Amino acid sequence: SILLDCGAGTLRTLGPDTDETLDALDAVWVSHAHWDHFGGLAALVAAAARRRGRSNEDVARALKRQKCDDVKPPLQVLAPARVAAFLGVALDVLGAPASGYTIQQIADQASSKIQRGPLSITSIRVTHCREAFACIARCDDEEWAVAYSGDGRPSEHFARKCREEGKLVLIHEATFSDEDKA
């Protein structure tokens with residue numbers, strides 16, 4: 001499973017099934033460096049990393065017991081460069097075990113595709129702020145994909161990429177105040 005954006009308070013909103021949700025999470029993708037999209041990222045990744053990360057001694061003990069199944073793969077974080085840099089520092093300060101997560105910067109280009117097992121994520125640059133992206137996520141064995149706009153303005157490039165995917169669910173994220181006009 002993948003989490004698209006991780007605003008402040010995301011970890012708290014997972015409720016009583018937080019541990020199970022963190023264990024099931026494969027990746028977190030962040031659209032851009034605005035707090036409402038990454039403000040909860042450090043807390044969520046630190047919590048997941050503590051459940052997944054192991055010291056060398058823990059791994060040696062697990063191997064001795066022949067129980068390698070209790071070591072979960074690291075949580076994958078895909079984020080723009082500024083978010084990735086912030087997250088690296090924040091996780092170090094929080095003492096999150098580095099073996100529990102990996103951080104990969106989204107390439108700052110028109111579009112880039114990352115494959116993680118059966119999951120592919122195409123990040124598409126959009127107009128909003130510096131290093132802002134939309135994405136399309138697809139599992140290899142599914143006939144449909146999920147497209148997420150982030151906060152970008154209307155984008156012909158994103159619309160074209162969505163049309164190329166065929167069947168998809170589009171999540172268009174935007175917030176307007178009463179004074180804003182669409």
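Computed values, structure above
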read-out	value
Spatial separation of Cα centroids for region 143-176 and region 31-54, in angstrom	24 Å
Exposed GluC sites (Glu not before Pro) absent - longest run of the chain, DSSP non-H/G/I/E/B, at most 15 other C-beta within 10 Å	1-141
DSSP-assigned coil residues among chymotrypsin sites (Phe, Trp or Tyr not before Pro) in region 65-134, each with at most 16 further Cβ atoms within 10 Å	none
Candidate residues 146, 77: accessible-area rank, largest first, probe 1.4 Å	146, 77
For region 115-158: rounded, prolate or oblate by the Cα gyration tensor [a/c cutoff 1.5]	prolate
Full-extension gain in nm, residue 171 to residue 102, via 0.36 nm per residue minus C-alpha separation	22.3 nm
Length-normalised contact order of the chain in % [C-alpha pairs under 8 Å, at least 6 apart]	17 percent
Lys pairs, the chain - Cα-Cα below 26 angstrom, 8 or more residues apart or on other chains	4
Full-extension gain in nm, residue 72 to residue 13, via 0.36 nm per residue minus C-alpha separation	19.0 nm
Longest segment of the chain lacking trypsin sites (Lys or Arg not before Pro) that sit in a DSSP loop with at most 15 other Cβ atoms within 10 Å	1-64
Nearest 10 degrees, 0 to 90: helix 41-52 Cα axis against the chain principal axis	30 degrees
The chain shape via C-alpha gyration tensor axes, a/c threshold 1.5	prolate
Helix 81-94 vs. the chain, principal-axis angle (Cα, 0 to 90°, nearest 10)	30 degrees
Label-point separation in nm, residue 26 to residue 94, each point 7 Å along Cα→Cβ	2.3 nm
CD proxy at 222 nm, helix term only [per DSSP H run n ≥ 4: -39500 (n - 2.57); per residue of the chain; nearest 500]	-9000 deg cm²/dmol
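The values are calculated or read from the model by the stated rules, or taken from the named source; none is laboratory data. Bear in mind that the values here come from a model prediction, so they are computed numbers and not experimental data. Here the Cβ is made from the backbone with ideal geometry for all residues, glycine too, and neighbour counts use every protein chain on show. SASA here: full protein model, heavy atoms, side chains in, ligands and nucleic acids out. Shrake-Rupley method; radii C 1.70, N 1.55, O 1.52, S 1.80 Å.
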